[in-house]
Amino acid sequence: MKKLIQIIEDDISVKKLLEITFKEYDFNCITCDNKRNAMVTFLSHNPDLIIVDLGLPDGDGKEFIKQIREVSKIPIIVLTARHDEKEIIKALDYGADDYITKPFSVNELLARIRANLRRNINEESQNDRVICGEVELNIVSRDITFKNEKLKLTPIEYELLKYFLLNANKTLTHKQILQEVWGTGYQNEMPYLRTYVNTLRKKIEENSTRPTYIKTVSGIGYRFSCDGN
């Protein structure tokens, strides 16, 4: 069955480009140009993924993301002309899974869509194992293996790598990671995060200076990549 993508975008040319692209790549789509219609459409059509602009005629797209997160875990990708890191971080903190800035590459957008749809399917079917490339998490035994060899991890290293694996192919902000792994009160302790990311990279990357798994998203946070994107 074709996946249904909801587009919330008021730029007619961008909306048309997305509609043509999704039709060509075998996706169905529904479009809206404001927050009010977007929520009604979401509730009535139950899409598989949302693409939302932040600058909408009747308000900010971040508020729409926040509303969606109160009722659904659906993948949300922000597509915006805003390049301000604070705006992007806030959108991710409100619950967006990913973002792309305009002007954008259609191929990159399609890759991000596929990655987020796969992650969502994996979450729905998840039992006691998460596999990402040559890294495997066994939730029951609390073991993480790399190339079928059990990794020797400290408790914090385990929690951090587990969080990355459970949120693979998702852009995570520094604040999100610190709060989830270290807890409330650590949201600004960037040296902790950098240190542990570096130690994990040495354990699972072929070349820790050119990582294929734990990728830095400059100024934003990290993305644990399962497919090289």
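Descriptive notes on the structure:
- Per residue accessible area in Å² of the range 89-195, where ligands, DNA and RNA are left out and the probe is 1.4 Å: 51 Å²
- Rounded to the nearest 20 debye, the dipole size of the chain about its Cα centre is 440 debye, using +1 on the Cβ of Lys and Arg and -1 on the Cβ of Asp and Glu.
- By accessible area, using a 1.4 Å probe on protein heavy atoms only, the chain has 47% of its surface on carbon and sulfur.
- Sites excluded, GluC sites (Glu not before Pro) in DSSP loops with at most 11 other C-beta within 10 Å, longest stretch of the chain: 71-205
- In the full protein context, the range 1-65 carries 50 Å² of accessible surface per residue, based on a 1.4 Å probe and ignoring ligands, DNA and RNA.
- Other residues within the sphere of radius under 13 Å centred on the Cβ of LEU56, judged by their own Cβ, net out at -3 (K and R +1, D and E -1).
- The range 97-199 shape via C-alpha gyration tensor axes, a/c threshold 1.5: oblate
- Accessible heavy-atom area order of LYS202, LYS147, highest first, probe of 1.4 Å: LYS202, LYS147
- Rounded to the nearest 0.05, the FRET efficiency derived from the C-beta distance between GLU180 and SER13 at R0 = 35 Å is 0.35.
- Cβ distances below 4.7 Å define possible disulfide partners, and in the chain the cysteines left without one are CYS29, CYS32.
- For the set LYS73/LYS152; LYS86/LYS215; LYS3/LYS203; LYS62/LYS102, the pairs lying more than 27 angstrom apart at their alpha carbons are LYS73/LYS152; LYS3/LYS203.
- Stretchable slack from ASP26 to MET39, in nm (0.36 nm times residue separation minus alpha-carbon distance): 2.3 nm
- Cβ-defined net charge surrounding GLU206, 13 Å radius [Lys, Arg +1; Asp, Glu -1]: +3
The values are calculated or read from the model by the stated rules, or taken from the named source; none is laboratory data. Just so it is clear, the structure is predicted and the values come from calculations on it, not from any experiment. So basically every Cβ, Gly included, is an ideal-geometry build from the backbone, and we count neighbours across all protein chains shown. Calculation scope for accessible area: heavy atoms of the full protein, side chains included, ligands and nucleic acids excluded. Shrake-Rupley method; radii C 1.70, N 1.55, O 1.52, S 1.80 Å.
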